[in-house]
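All of the numbers you see were taken from the coordinates with simple rules; none came from a lab. This structure is a prediction, so every number in the text was calculated from the model and none was measured. Every residue, glycine as well, gets a Cβ built from its backbone with ideal geometry; the counts of neighbours run over all protein chains shown.
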Amino acid sequence: SNYKERDKQKNGTYSNRYVGHFTDGGSISGIENEYAMINQIAPSVTLEQVNQYIQDIIGEKNVVISVSGPEKEGLVYPTKEELLDVFNKARQEELTPYVETVSDEPLIEELPAPGKIVSSKENELLGVTELTLSNGIKVLLKKTDFKDDQVLMTATSPGGTTMFGNEDIANQKLINSAINLGGVGNFSKTDLAKKLAGKKVNVYVSLGPDCEKVDGSSSPQDIETMFQLIYLYFNKPRMDNDAYASFEERMKSQLTNLDLNPMVSFSDTLSTYLYNGNPRVMRVQLSDFDHISYARMMDLYKERYADASDFIFTFVGNVDTDAIKPLIEQYLATLPSLGRKEPKGREDVYAHMQKGITEKRFARSMETPKASIVGIYSGQLDFTPENMTLLTALKQILDIVYVEKVREEAGGTYGVSVSSQLGYFPKGEVALQTYFDTDPEKADLMNKIVREELQSIAKDGPRIEDFNKTKENMQKKYAENLKENSYWLRVVDDYYFHNLDRHTPNKAVLDGMTSKQIQEIAQKILSQGNMLEVFMEPAK
């Protein structure tokens, strides 16, 4: 795959190789030579050589046995002698050799008669072919020449986990993990991986609060396999009770002492105060397993994917628009159709960010003392591409400011993490977040600097050199995005699913962006008076 893309590698691919050569030595042979060497060496490698290699590197010498865990009353750890005893007994056990099984049956045993493409038109604005299928599905095709060995796919449908009742809140927390455990059709997840060995293809299903999703990728030669997997995830999802039991056991083990981790307490406190304790956004707890059912999660999944008629499928990349149409008719036009009309999530049950000013300060015992501080400024903004661009610019300007003021001048922290978002759901909900760790003795001073620098931008605007640097970087990134399949996949999906054209106005917004606009958007957020600060410090 890398060889096929050898003429379209990014600068980072080269610079990483040069840095590696400088720090670690070795040769920089180039992908053409590496590909030639692999083709010479790989055919001569035997199974016996691989097995012997493993036996040579895994022996009874140079073994380290380590045990780690929490300091907790009543928890007793094994002694050195007990650990060695377990190790030695395991070495002496009679084991049954693993027997490999690979099925030669097809992914899909029997296919229905193909459906139809009932209409086709061109979207000149985005360079997209828009197909409507006989079962109501909309399919969008955008052929690009950015990568020879890549086809990206996403499919989106209104609905999501907010359509679940309160009785299924616990199931909602684990549903995305559960629905991908069992494989599809007659293939377990393990057997499916064997079946797909040698293919470049991946399909994953997930539910957001406002939508159902199917995401995937493949090489052009494996695109039919991607279609087959999509078909199976809709029509033949597979339960695997053993796989789920193992997953649940691992989850419970991880959760048992998780609350002893100070950063977990920090995250829980943040979620509790930011969303007013709404259980739909809180992490899974041990007590949730009293209300979690694998069978129920699979039923919820089947119900959400029982109707494909309102899905929008987008394919971007090295797509042969003529060759793909029979696959669309066979695998997508035959998906189940109920004609449901649903909203893009239910904002009335979802978690909205808190109003007003809340400051929560608490202490936790820590092995390595540090202070962790997060500040979130929230509110509402018009859901527009312009505001999205201005928010990104504000975030990048703050990155520059905090590196200079907090890291370099005050020497208070390695870095301040800044993030911003203007939500699709709940629509128009905006959040600007700062987060950093620091020496507890410096925490209040560092927090004062972080606050004041943001307030300074809202009051006086950004420094012109910071604004110019950010604008130049964003214009450069925009030009790079135009040659990325992932960018166009997001643009096309947003255009059709969210009715949002993020692409057309982007260049004009960037070229016309002023420092005054950055000041104004900072003012709009801060003036709404919604700020949550969570401050965790070490217990004395």
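Things to note:
- For the chain, the mean projected area of the C-alpha convex hull, equal to one quarter of the hull surface, is 31.1 nm².
- Point-to-point label distance, A193-S120, nm (Cα→Cβ direction, 7 Å offset): 4.0 nm
- Solvent-free Debye scattering, log10 I(q)/I(0), computed from the Cα coordinates of region 152-223 at q = 0.17, 0.22 Å⁻¹: -0.75, -1.03
- Cα centroid separation, region 167-218 to region 459-532 (Å): 33 Å
- FRET E, pair E71, Q92, Förster distance 45 Å, beta-carbon r, rounded to 0.05: 0.85
- Local electrostatic count, Y273, Cβ distance below 14 Å [Lys/Arg +1, Asp/Glu -1]: 0
- Only DSSP H runs of four or more residues enter the estimate; each adds -39500 (n - 2.57), and after division by the residues of the chain the mean residue ellipticity at 222 nm equals -12000 deg cm²/dmol.
- Under the criterion of Cα pairs below 8 Å and six or more residues apart, the relative contact order for region 165-298 equals 35 percent.
- Taken as Cα centroids, region 421-450 and region 82-104 sit 50 Å apart, rounded to the nearest whole angstrom.
- Under 20 Å from K189, Cα to Cα: aspartates and glutamates that are on another chain or at least 8 residues apart: E100, D104, E105, E109, D215, D222, E224, D240, D242, E248, E249, D299
- Taking every DSSP beta bridge that has both ends in the chain, the antiparallel portion is near 80%.
- Residues with amide H under 5 Å from that of G345, placed H, sequence gap 5 or more: G159
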